[in-house]
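*Asks:* I am attaching a structure below and will ask some questions about it afterwards.
Here, each number is a calculation from the coordinates, and none is a lab measurement. Remember, predicted model here, so these are calculated numbers, not experimental data. When we count neighbours, we look across all protein chains shown, and the Cβ atoms used for this are built from the backbone with ideal geometry, even at glycine.
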Amino acid sequence: MFRLTEYMQQLVDPKPVRPRRPGPVKPVVIWNLTRRCNLKCRHCYTVSADVNFPGELTHEQAMATLEDLGEFKVPALILSGGEPLDRFDIFELAQRARKLVRVLALSTNGTKIHGETADRVAEIGFNYVGISIDGIGATNDWFRGVDGAFDDAVRGVRELKKRGVKVGLRFCLTEGTQHHLPDLLKLCDDEGVDKFYLSHLVYAGRGDKNRGEDAEHLPTRRGMDLLLERAWESVSGGRYLDIVTGNNDADAGYFLRWATERFDEATVANMREHLVQWGGNSSGLGVANIDFLGKVHPDTYWSDYTVGNVKTSTFSELWTGDDKMLAMLRTRPRPLKGRCGACALKDVCGGNTRIRALQLTGDPWAEDPACYLSDEEIGVTADGERLTVTPFRGKRHDPEHVFY
């Protein structure tokens, strides 16, 4: 996760890089509590549906896992799904989690947040509630597979804001949705949204099936230009909006390029030190996933690779064990190949999102095909042909609309 507004602030008010804390990194845990969901999103990495799936953790197993996460002192816990509000004991789990972890977040589609449910969410005291929206009106409803989903999600935003809850919008940038990015940023301003999270498409679940809808490199750059402009406005006296991006750590390199064109050498050098300490992609190191069956993965998109299961071992034991894939993901520099291996910014981006390389080539260390920086920008010469995303040959939604 790349905290764009936070790093933008470093350009305005540079601070020295803080030394790393000794010892192993404790991960942010994203916990998919259930696979059940009332929507049918085209990019769903869990392939959720509005049915009960067998094998989900019992209440007792989930509570035991919570206690272990608390004792392990994970810095943050994100309750996700499917739709986490469809989990039968969601509020019991959240209430206990609130006492065990420093930062507790809820990742939801927002359509169920009204009335008593909105009251309960507010009472829990979540640090943040992220509501996923993929376009304005009919585009969102098409992308999420249910008519009325946009209006219901906006209602959820308003209900939470009325109750004083910090709310963010989560948006997946694809070919079919990228033209709505300006309107979504305006929606944030109009509704007093606190945070905006732009997610690049990851090829997992239905997101893998529909990867041809991934935004091509030029629209991705245009989208980042818009976010950079809005983040600069935030730190320059305009309405503050915490902008974060995820699943394409090339965003940090693009930001560094933007800063180099506008700031002096010392300021940029300090910024680069901050980015290097952040380190880019954190799968298997600073991010972990527990899925609805209790399986532990390097992140939410590595569903085909399992470290172990919290039904039979504690999360803390699994995360601190001798798993070979975790050890490789934690290696710096990682054993990257192709453009990623030769990249002058790999200490900043960490090799980007490994699961995309794995899905397209079968090799988790191949270059990430979604890196939108040129060879010149990453300081490499031609190193074989660049991987390309398989063209989408199905129905496109509003293909004539672009914002660049």
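*Asks:* Looking only at region 161-191, count how many residues are within 16 Å of residue 244 (Cβ to Cβ) and either in contact with a Pro (Cβ under 9 Å, 6 or more places away or on another chain) or not β-branched (Val, Ile, Thr) (or both).
*Replies:* Our first condition is that a residue be within 16 Å of residue 244 (Cβ to Cβ); within region 161-191, this holds for 166-173, 181, 184-185, 188.
Okay, now just the ones that are also either in contact with a Pro (Cβ under 9 Å, 6 or more places away or on another chain) or not β-branched (Val, Ile, Thr) (or both), so 166, 168-173, 181, 184-185, 188.
Total satisfying the criteria: 11.
*Asks:* Restricting the search to region 323-349, which residues are of a type in the set (A, V, I, L, M), within 23 Å of the chain's Cα centre (by Cα) and buried (at least 16 other Cβ atoms within 10 Å of the Cβ)? Before you say what the answer is, go through the steps one by one.
*Replies:* Narrowing region 323-349 to residues of a type in the set (A, V, I, L, M): 325-329, 336, 342, 344-345, 348.
This time we only want the ones that are within 23 Å of the chain's Cα centre (by Cα), so: 325-329, 336, 345, 348.
Passing the criteria: 325, 326, 329, 336, 345, 348.
*Asks:* Filter region 274-305 down to the residues that are among the aromatic types (Phe, Trp, Tyr) and in a loop (DSSP other than H, G, I, E, B), then identify the one that is surrounded by the fewest Cβ atoms within 10 Å (Cβ to Cβ).
*Replies:* Narrowing region 274-305 to residues among the aromatic types (Phe, Trp, Tyr): 278, 292, 301-302, 305.
Now restrict to residues that are in a loop (DSSP other than H, G, I, E, B): 292, 301-302, 305.
Details: 292: 21, 301: 25, 302: 25, 305: 19.
Ranking the candidates gives 305 first.
*Asks:* Restricting the search to region 158-190, which residues are under 19 Å from the mean Cα position of the chain (by Cα), more than 17 Å from residue 231 (Cβ to Cβ) and of a type in the set (A, V, I, L, M)?
*Replies:* 167
*Asks:* Further, regarding this structure: From the set of residues in region 306-322 that are in a loop (DSSP other than H, G, I, E, B) and crowded, with 19+ Cβ neighbours inside 10 Å, which is nearest to the chain's Cα centre (by Cα)? Write out each step before concluding.
*Replies:* Taking region 306-322 first, the residues in a loop (DSSP other than H, G, I, E, B) are 306-307, 310-314, 320-322.
Those still in the list that are crowded, with 19+ Cβ neighbours inside 10 Å too: 307, 310.
Details: 307: 21, 310: 23 Å.
Within region 306-322, the match that is nearest to the chain's Cα centre (by Cα) is 307.
*Asks:* Moving to a separate point now. Could you say whether any residue in region 76-92 is among the acidic types (Asp, Glu), surrounded by fewer than 16 Cβ atoms within 10 Å (Cβ to Cβ) and without any contact (Cβ under 8 Å) to a residue 12 or more places away in the chain?
*Replies:* Checking region 76-92: not a single residue is among the acidic types (Asp, Glu), surrounded by fewer than 16 Cβ atoms within 10 Å (Cβ to Cβ) and without any contact (Cβ under 8 Å) to a residue 12 or more places away in the chain.
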